[in-house]
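Novice: Have a look at this one.
No value in this document is a laboratory result; all are computed from the given coordinates. The shown structure was predicted, so the numbers you read here are calculated from the model rather than taken from an experiment. Please note: Cβ atoms are built from the backbone with ideal geometry, for glycine as well, and neighbour counts cover all protein chains shown.
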Amino acid sequence: MICQIGNDHILFRDSVSYRNNNTYSVFGVVNAILNDGLKPMCRQYVHLSIDTDTAVQVGKRRDDSPVILVIDSHKAYTDGISFYKGNDKVVLADHVPARYINVK
């Protein structure tokens, strides 16, 4: 099932912060994502929030200042990346290549 992307055509990755006080570690994760894209890792799908507020709320479960990534979902979808409806606030993807990802 393909989800409706929305008017602004942007999805937000929940958070790339981890319970680790080592700032370099967070930047290392961000740089890895910006190079390699988002992968589901040990989940079935990559989970994306539909707006910034949701992304921040989910990200704060792990870190007081989560790093928010912006996904150009319209371009990704146009280029053949599939998105699936998770629920009203979450969209799923098999993966998101790095070329569609920016740091907010």
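Novice: HN-Hα J couplings of the stretch 95-104 from phi, Karplus 6.51/-1.76/1.60, θ = phi - 60°, integer Hz, Gly and Pro as x?
Specialist: 6, 9, x, 4, 5, 9, 10, 9, 7, 6
Novice: Need one number: nm distance between label points at residue 39 and residue 94, each 7 Å from Cα along Cα→Cβ, rounded to one decimal.
Specialist: 1.5
Novice: Need one number: nm distance between label points at residue 79 and residue 54, each 7 Å from Cα along Cα→Cβ, rounded to one decimal.
Specialist: 2.3
Novice: A further question on this structure: For residue 75, list the lysines whose Cα falls under 19 Å from its own Cα; do not include residues on the same chain fewer than 8 positions away.
Specialist: Answer for residue 75, where 19 Å is the Cα cut-off: 39, 85, 104, listed by chain and number.
Novice: So between residue 64 and residue 30, what do we pick up on full extension, going 0.36 nm a residue minus the alpha carbon distance?
Specialist: 10.6 nm
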